[in-house]
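The values are calculated or read from the model by the stated rules, or taken from the named source; none is laboratory data. The structure presented is a predicted model; accordingly, all values stated were derived computationally and were not measured. A quick note on method: Cβ atoms are made from the backbone with ideal geometry, for glycine too, and the neighbour counts reach across all protein chains shown. To get the accessible areas, we keep the full protein, side chains included, count just its heavy atoms, and leave off ligands, DNA and RNA. Shrake-Rupley method; radii C 1.70, N 1.55, O 1.52, S 1.80 Å.
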Amino acid sequence: MLSAESLNMGLMLAESGLIDAAMTELMSHPQLLVLTERSPAIKRAVKQQLNRWRGHTQRKLVQQGLSDALKKEIQCYEQATEKTARDFEKQIDALLDDLKPVSSFYDQAKRLAAHQAEHGDPMFQSYFCNRWHAHLKTEIERVQSESVEAQKQKLLDDLYRRISTYQKMDGVDQSGDISKVGRLWDMAASSLSQQDVTLLKRFVAFLAKNPELQAIAEQLGRMANHVDSQAPSQQLTETLKIVPEKQIDVPDDITGICQSDRVDRLLPNEAVLLADPALETVFYKQLVDKQLLNYQMTGQAHRRKKVETHVPSQSKPEQKKGPFIIAVDASGSMSGFPEQCAKALAYVLMRIAATEHRDCYVMLFSTDHISYELTGEEGLQEAMSFLSYRFHGGTDMAPVIEKALDLMAGERYQNADLVVVSDFIAPKQSDIMIEKVEALKVKQNRFHAVSLSKYGNPELMAMFDHCWRYQPL
């Protein structure tokens, strides 16, 4: 029996083709074309977003299924195809009654029944069901097309919002070349106000007057590649192996119903079309269109396949750059020029993280701490909140370093760079804290201190791998 699920999948519009057409239409929008041609990085980011949209839309088409009315109509169709020709004609009035509240096929079905009452065609059931089958296919295509169109409009709205945000970012990068920051596209889901853009440009101007901060940030960005891995590296090697796999051309089992042009797997009710010269053309049309109902077969076959295995490598692996964890001292002693330096440095590191597809997590600390994730979907809004924060209060570095160590112990922040930006006018950390830091250094996490005061505590700064002092005034 042809189940509702089988019919839904068998008659389903090749949604990949429908979605491909939608993706082509989206990519052809003028504003998007100009932006993607200008920047290969943005083009890759847009394609990644479209591929995610494609997968989401395909899943939605499958998950949303059919309406209750359409399911009821399919059930009626299944019952009609299982009846004999005699029973079908006897029960045609009851069938029409069932169709009336659930299907737009009712009017056409009523006309076909009236024509049969006058002429008595022996192939009435087959002809009626074929017309009904075509109606069901059209209805399913319509439902899917409307669903894809709705999803496409949502994506288009999101794309134009990102374009607007991205265009506002033009000139915010110190070099003026936003094409190097492809990940900003992912962060552009949230909108920027003109006030936000003005704030960003103020920090760009500040960096232009203090290029040493930019140099420190760039050196911090390169530090990950300066660590040698102690673990034995592995490399992938391909080998040939004979493996069993399922193939649809191996006729071991019947697993369902599909549409095809194979006459050797034809369902009997499709062959009935050849018995009537009037319906023979319908059969050949469905044959050419590959729409004949066939038994779907699967079976196992063996073939040689390349498989990848890991073998020890003699060469040193390239060190992957991990995320940034930036701890910024927001105490009252950092107000003024040190505050501007700290925020500008964090902004440059965020930009480097976006360029290199690294996560960037910022914590402001005084007597308490606040966290911002600068490279997520809401990264730009988080950055605005961070850059707008006013420094005040006392200094307590221990909780924020403890939080950073907890993050580095987790999977997401392995191989991370912790950058503490402070005046370091604070006591030395506890021996337990220093032991935790040393243990994480062995696991290739890196610890950096950027001191914005000449009075920083040397004992406190001694636990860091690298220390920079910046006091231009």
Segment 326-419: GluC sites (Glu not before Pro) falling in loop per DSSP and having at most 11 other Cβ within 10 Å
E411
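Could you state, as a whole-number percent, how many of the C-alpha pairs of segment 408-473 are farther apart than 20 Å?
30 percent
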Could you calculate the FRET efficiency of M223 with E146 from 1/(1 + (r/R0)^6), where r is the beta carbon distance between them and R0 is 56 Å, rounded to 0.05?
0.60
Which percent of the accessible area of segment 372-455 is formed by carbon and sulfur heavy atoms (probe 1.4 angstrom)?
52 percent
